[in-house]
Every structure is written in C-alpha cells, then in structure tokens.
1. Based on what the data block shows, is Ser95 closer than 26 Å to Ile76 by Cβ and within 16 Å of ligand 1 (Cβ to nearest atom)?
2. Every residue in region 191-240 that is surrounded by fewer than 20 Cβ atoms within 10 Å (Cβ to Cβ), under 22 Å from His158 (Cα atoms) and among the β-branched types (Val, Ile, Thr), please.
3. Show the residue pairs that are 6+ apart or on different chains and have beta-carbon atoms under 7 Å apart, the first residue being within region 244-264 and open to solvent by 20 Å² or more (accessible area, probe 1.4 Å) and within 16 Å of ligand 1 (Cβ to nearest atom), the second being β-branched (Val, Ile, Thr) and part of a loop (DSSP other than H, G, I, E, B).
4. Name every residue in region 8-42 that is within 16 Å of ligand 2 (Cβ to nearest atom) and among the hydroxyl-bearing types (Ser, Thr, Tyr), in order of residue number.
5. Can you pull out every residue in region 344-370 that is assigned to a loop (DSSP other than H, G, I, E, B), in contact with a Ser or Thr (Cβ under 9 Å, 6 or more places away or on another chain) and closer than 18 Å to Leu385 by Cα?
6. Looking only at residues in region 98-137 that are open to solvent by 30 Å² or more (accessible area, probe 1.4 Å) and of a type in the set (Val, Ile, Thr), which one is nearest to ligand 1 (Cβ to nearest atom)?
7. Collect the residues in region 1-23 that are over 25 Å from the mean Cα position of the chain (by Cα) and open to solvent by less than 70 Å² (accessible area, probe 1.4 Å), keeping them in residue-number order.
Amino acid sequence: MLSERAGKIKPSPTLAMDAKAKAMKASGIDIVNFGVGEPDFDTPENIKEAAIKAIREGFTKYTPVGGIDPLKDAIIEKFKKDNNLDYTRDEIIVSCGAKHSLYNIAQALYGKGDEVIIPSPYWVSYPDQVILNDAIPVFIKTNEKDNFMLKPDVFESHITKKTKAIILNSPSNPTGVTYDKKTLEGIAEIAIKHNLYVISDEIYEKLTYDGFTHISIASLSKDIKQRTLIVNGLSKSYAMTGWRIGYTAGTKDIIKAMTNIQSQSTSNPTSIAQKAAVEALRGPQDFINTMLAEFDKRRKFLVTELNAISGISCLTPTGAFYAFPNTSKLYGRHTDGNKISSSSDLAIYFLEKANVALVHGEAFGNDDYIRLSYATSIDNIKKGLDRIREAVSRLT
Ligand code: PMP
Ligand code: GLU
C-alpha cells in the first residue's frame with residue numbers, strides 16, 4: 001500500500017508531455033515538440049571539456065554535500081556581478097537541479113498546515129512540492145491585463161496567520177513576464193510587514209528581451225534579503241538540463257537545514273557536473289548572448305504568427321522561452337462531433353490530429369491558455385505553426 005502522500009501528487013505534466021511526444025516520435029510519427037522547456041542548444045564545448053578533465057583526473061568521488069568550494073565561490077561571484085548581492089559560502093548550497101533546490105527549501109521550511117502563496121499561472125512543480133510537505137498551496141490568480149504580475153495589494157489580501165511564504169518566479173515560466181522594480185518593491189514591503197519568506201526562482205534570469213533586465217527581489221534591501229531564498233541553476237542559461245546543477249542562496253540557518261536534508265537524501269550533486277558548473281560560471285559567457293539572440297528571433301516570429309490565427313491571442317513575453325497564448329475563444333468549437341471544452345482537450349487535439357506537442361494551460365493553473373516552448377528551431381516553429389493554423393481552421 002502506497003503512502004497517503006504519494007497519492008496526493010501527479011507526475012510533472014511538462015515532463016509527461018515531453019515523454020509522450022518523444023514516444024510518438026520514436027514510433028515514427030513526425031512530431032513538432034513545443035512541449036518541454038529545454039534549450040535545443042548543445043552544452044558549450046569548454047564546459048564539456050571541464051567535465052572530461054574532471055573524469056580523467058579522477059574527480060569522481062563524494063564531494064562536500066552542499067557543493068565544492070570553487071563552485072560556491074563561482075556562485076558567490078555571480079551574485080556579486082549580476083545582482084550586487086553579497087553571500088558567504090555558508091549561505092550557499094548546490095543541489096541536483098533547481099527543482100531539487102526548491103524541494104529542499106520545501107522540506108526545510110514548510111510544516112503541516114502552513115500556507116504557501118503561489119501566484120498563478122505557476123510552474124508545475126510548485127504546488128506539488130508544497131503538498132508533498134503537508135503544507136497548503138494558496139493560489140492567487142494573476143491576469144493578462146496586468147501582464148500576469150501579482151499586485152502587492154492582492155498579495156496582502158490573501159495573507160492569513162498561517163501564511164509562511166510566497167513563491168515568485170521572474171522571468172516566469174509559463175507566462176514569460178519579467179517583474180518590474182516597483183512591483184517587486186511592493187511585494188517585498190508586504191513580505192517584510194507580515195514576516196514571510198520569499199522563495200525567488202530566478203532560473204531564467206539571463207533570458208530577457210526588449211531591454212527588460214532581471215531584478216532579484218533580494219537586492220532591494222537588507223531586510224528583504226534576510227527573508228529571501230534565491231533559487232537559480234545552470235539548466236537554462238548554459239543548456240545544461242541533464243547535468244543537474246541548481247543552487248540556493250539564503251540565510252545560514254536555512255542553508256544549514258537544507259544541507260542536512262540533502263546529506264540524508266541525495267548527498268552531493270555529481271562531482272564532475274560541479275566541475276563543469278565552475279567552468280560554466282567562470283569561463284567565457286558569449287554562448288548566452290548567441291542563444292538569446294536566436295531565442296529572440298523565434299519569440300518575435302512565434303508571437304506574431306500566433307496572433308495572426310483567428311481565435312488565438314498572445315502577449316509578448318519579455319523573458320524565458322515560452323509563449324502563453326489565450327485559446328479560450330476556441331473552446332466550444334467541434335472536431336469530428338467532439339467538443340473542445342478545455343486547454344487539455346485542445347492540447348490533445350493538436351497532438352493527435354496535428355502532431356504538435358504543447359502543454360495545456362490548466363497544468364499551470366489557467367485553463368484559458370496553452371504553453372509553447374520556443375526552445376526549438378525556427379524551421380520546427382514554422383512547421384508547427386502551419387499545423388496549428390490548419391488544425392484550428394478545421395474546427396467547426
Ligand atoms: N524553475 C522553473 C521555473 C523551471 O522552469 C525549471 C525547469 N525545469 C526549474 C525550476 C528546474 O530546473 P532544473 O531542475 O533543471 O534546474
Ligand atoms: N522546466 C521545464 C518545463 O517547464 C522542464 C520540465 C520540468 O522540469 O518539469 O518544461
């Protein structure tokens with residue numbers, strides 16, 4: 001008999017969709033995959049070489065649980081350079097991907113009955129990680145007309161005696177919104193006033209467009225830094241999804257608790273991936289700009305073309321690599337006598353009848369939308385758009 005806990009959660013819908021698309025592809029079906037959020041670029045050569053060197057030198061044993069000192073130092077340098085934030089080694093922990101960092105935080109902070117505020121649309125793993133730790137996700141709907149940004153007064157109106165933390169994600173997966181300074185200041189003020197923790201997932205920090213720049217909420221004041229846990233990682237910026245390196249910066253007591261939890265669960269992140277991560281953070285950074293320029297081209301093309309399809313409208317994302325179009329006008333239309341009533345129906349229709357994989361908005365907390373990752377080639381995007389356009393025109 002499985003635990004009650006295991007019955008309360010579902011597999012990650014983004015990974016599930018990716019697995020389904022890959023299985024269809026393996027069976028010979030020509031799928032266009034807008035499903036998973038994973039750069040289609042290869043990990044840069046200098047990073048791979050650092051890992052190969054580590055293997056050759058026999059750096060293949062256990063390391064300190066929370067990461068090797070050179071990696072912690074490279075992360076500390078990154079925070080200083082990019083965010084003007086000062087941390088010490090005992091305020092940093094390296095984990096097996098940012099998802100693992102977030103999970104360690106959930107284990108270290110949330111208790112039975114604690115409420116954790118999650119603005120929706122949200123990234124798929126936030127609610128399930130809260131639930132896995134016996135806490136309660138409290139969703140606050142954000143709206144397209146506000147650029148999907150949480151308004152500070154709305155945030156405050158959802159705080160109760162049980163509220164422990166808020167999870168922020170800017171640039172956001174799935175909406176692509178990049179929070180502005182004024183909104184972050186408003187959120188910080190309320191978090192301080194109500195003594196809440198802020199978990200700030202900044203994994204898309206380097207991927208911003210149209211002159212938008214990422215601002216870390218922790219950089220706004222000493223007070224907010226004290227109650228913020230910054231989560232970041234190498235998966236997106238350095239095309240290193242499979243290497244599994246993420247990290248957290250926060251106060252010593254929480255980092256120590258997370259390190260204890262990690263020491264009893266996974267131990268250290270892979271030794272050779274840590275060496276590769278040092279090279280990623282300290283080596284040449286031009287790869288990011290090359291990748292970003294390509295993402296930017298795809299973003300503009302995808303968003304323009306989606307908006308040209310009758311029944312679909314899409315805000316222009318300013319960060320990450322997702323488009324999050326509103327498809328609610330298509331609900332109520334029919335295909336072969338079946339009604340499309342939800343984002344899930346629509347995603348299944350596109351997958352089965354148009355060979356296009358994407359993720360239903362309901363997985364991110366808003367059924368009016370679907371999510372397309374544009375971390376795929378422009379040719380694929382063109383092909384996928386042709387199929388979507390044609391499939392939409394077939395709906396009656
Ligand atoms: N946060 C967000 C918002 C993400 O989109 C992802 C993507 N997987 C992660 C965290 C986790 O990334 P990883 O575990 O690969 O570091
Ligand atoms: N973050 C990516 C996504 O949203 C990867 C999938 C996952 O980790 O769930 O598609």
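The values are calculated or read from the model by the stated rules, or taken from the named source; none is laboratory data. Just so we're clear, the structure is a prediction, and the values are computed from it rather than from any experiment. Here the Cβ positions follow ideal geometry from the backbone for every residue, glycine too, while neighbour counts run over all protein chains shown. Keep in mind that these areas ignore ligands, DNA and RNA; they rest on the heavy atoms of the full protein, side chains included. Shrake-Rupley method; radii C 1.70, N 1.55, O 1.52, S 1.80 Å.
1. On the way: closer than 26 Å to Ile76 by Cβ: yes; within 16 Å of ligand 1 (Cβ to nearest atom): yes.
Answer is yes for this residue.
2. Result: Ile192, single match.
3. From region 244-264, the pairs are Arg244/Thr270.
4. Ser12, Thr14
5. Leu358
6. It comes out as Ile131.
7. Ser3
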